[in-house]
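The values are calculated or read from the model by the stated rules, or taken from the named source; none is laboratory data. Please read all numbers here as calculations on a predicted model, not as lab measurements. Note that we place each Cβ from the backbone using ideal geometry, even for glycine, and neighbour counts take in every protein chain shown. Note: areas computed on protein heavy atoms with side chains; ligands, DNA, RNA excluded. Shrake-Rupley method; radii C 1.70, N 1.55, O 1.52, S 1.80 Å.
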Amino acid sequence: MSSQNRTNIPNSLNEHWMPFTDNKSFKKNPRLITEAKGVYLTNHEGKKMIDGSSGLFCNPLGHGRREITEAVTKQLDKLDYCQPFNQGFGGSFELATRIAKKTPGDLNKIFYTICGSTAVETAIKIAVAYHRAKGNGHRFKFVGRERGYHGMNIGATTVGGMINNVKAFASILMPGVQHMRHTHLPEHKFVKGQPETGMEMAEDLERLATNFGGENIAACIVEPIAGSTGTLVPPKGYLKRLREICDKHEILLIFDEVITGWGRTGSAFGAQEFGVTPDIMTMAKATTNGVIPMGVVAVKDGIYDAVTDASSAPEGAPELFHGYTYSGIPAAVAAALAVQDIFDKEDIFKRAKEMSPYFQDGLHSLKDLGVVTGIRGYGMMGGIDIKMKDKPGKAGFQTFKHCYNAGVNFKSTGDTLIIAPQFICEKKHIDEIIDKLSTGISNYAKS
Ligand SMILES: Cc1ncc(COP(=O)(O)O)c(C=O)c1O
């Protein structure tokens, strides 16, 4: 079949090995999305659903934004690709300037990657390169956190803390990585916003520094809010304490803002929202409103200066031996610039901040549904825990399917439903998401 006359259902589902999917059961009972516009998706049966998780935190500006489509089309007509090593094109510099204006402090140097995983991998390498440049090549250990998610490359998998992702590849993970405990305490089950307790969990970093020598640790990486394990909001004071411990031992602090970046917390980045500036910050997803893959690493000026100044390579040789064929390609840059225009024109982070209390109230209104065992949230993201059945993940997936049938789409992770509405949502859309979640969760409970 030519790509021009594709129908809603392909002739064969056999050949595509789908990512993070139960391929066998999906292929028996597929869920195919055929159209997306604004806050709605349509599936192959013509059923309309509201998008309850902005794709995968990707499309806060809504689906099918004409401004983005037009910017990309125009760019492709003019310059569709140029190789990015030792040459460039103007758009990527313009975008870097615009991103640097929104990042906190002196996180002004912008490195482009392909996605969130490659942004994290790049951040890891930049941390190592920085310490080498400063004559501290012995700093190569990294600290991550339990229940963190940083993507699926080897480095990113290792610093992450989602057990199944790690277990499957334990034999090939990066050496020298330790994990702090996660911050989700039993008393946080139904806490709205930042928990009052748990700041002391940051002392795990001090403990690791004592056990392994702070002078051997290159960087500590955390998501300001752990997104993929269902919105684990940092206890008050926790991130500030991590910053202090990093400063004490000259450990770089990396914030993975692939989810929390670009307004999800109500500020441009979690860093500003929680008043803590990291040394390196990663982003992806909403950078292009999800339409073209792009990852970004924002780095403090001093780190860039150290790495570039230390280089004794001859002219033409890179200071940092790292990069991707698709680093800052024109189409992704055009999409990201159009997204920046919309952020500014529609004051979109403020809009997210203003809608957040309404959304959080809606989420917490679900707490009396019998199978709900926890609800957390911050900004425009939230997690709903469903009581575990005989095996982990089963209840979450079954609830997801009931909600899908009820007309709200999102992703479940283990037994947690991940909810993250688009920032263009009006109150009536939030009501619709909550109503349909209520129906879906209740139908699951009855099943
Ligand atoms: C915090 C965080 N970091 C990294 C990633 C990996 O991003 P990608 O799937 O684009 O590689 C994700 C993906 O969900 C994420 O949530």
Subset of region 386-404 (residues that are in a helix (DSSP H, G or I) and either among the basic types (K, R) or over 22 Å from N59 (Cα atoms) (or both)): K394, A395, G396, F397, Q398, T399, K401, H402
Of the residues in region 271-285, those that are under 20 Å from A336 (Cβ atoms) and surrounded by fewer than 24 Cβ atoms within 10 Å (Cβ to Cβ) come to Q272
Provide a single number: the residues in region 161-173 that are within 25 Å of R139 (Cα to Cα) and open to solvent by 50 Å² or more (accessible area, probe 1.4 Å). 4
Restricted to region 285-324 and to residues being within 16 Å of the ligand (Cβ to nearest atom) and in a loop (DSSP other than H, G, I, E, B), the residue farthest from E257 (Cα to Cα) is Y324
So which strands (runs of 3 or more DSSP E) are wholly in region 1-120 and hold at least 3 residues that are open to solvent by 70 Å² or more (accessible area, probe 1.4 Å)? 33-37
If you go through region 240-250 one residue at a time, do you hit one that is open to solvent by less than 10 Å² (accessible area, probe 1.4 Å), in a loop (DSSP other than H, G, I, E, B) and modelled with pLDDT of 95 or more? no
Just checking, does region 286-299 include any residue being farther than 28 Å from I430 by Cβ and open to solvent by 50 Å² or more (accessible area, probe 1.4 Å)? yes
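Looking at P235, P195, P224, can you tell me which residue is closer than 20 Å to A284 by Cα and crowded, with 19+ Cβ neighbours inside 10 Å? Don't jump to the end; show me each part of the working.
Working: P235 fails: closer than 20 Å to A284 by Cα; P195 fails: closer than 20 Å to A284 by Cα.
After ruling out the rest, the residue left standing is P224.
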Residue ID - most open to solvent (accessible area, probe 1.4 Å), chosen from residues in region 405-439 that are β-branched (V, I, T) and not in a strand (DSSP E or B): T439
Which residues, taken from region 219-247, are among the acidic types (D, E) and over 21 Å from T158 (Cβ atoms)? E244, D247
When region 186-239 is checked residue by residue, the ones that are out of contact with any helix residue (DSSP H, G or I) (no Cβ under 8 Å at 6 or more places or on another chain), over 30 Å from A133 (Cα atoms), of a type outside the set (D, E, K, R) and without any contact (Cβ under 8 Å) to a residue 40 or more places away in the chain are P186
For region 66-73, state whether one or more residues are in contact (Cβ under 8 Å) with a residue 60 or more places away in the chain and in contact with a Gly (Cβ under 8 Å, 6 or more places away or on another chain). no
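Which residue is most open to solvent (accessible area, probe 1.4 Å), if the candidates are limited to region 300-315 and must be over 26 Å from the mean Cα position of the chain (by Cα) and small (G, A, S)? Outline the logic, then answer.
Taking region 300-315 first, the residues over 26 Å from the mean Cα position of the chain (by Cα) are 305-315.
Now restrict to residues that are small (G, A, S): 306, 310-313.
Values: A306: 19, A310: 54, S311: 41, S312: 114, A313: 41 Å².
Filtering region 300-315 for residues that are over 26 Å from the mean Cα position of the chain (by Cα) and small (G, A, S), the one most open to solvent (accessible area, probe 1.4 Å) comes out as S312.
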Which one is nearest to the ligand (Cβ to nearest atom), of the residues in region 129-158 that are crowded, with 19+ Cβ neighbours inside 10 Å and part of a helix (DSSP H, G or I)? A156
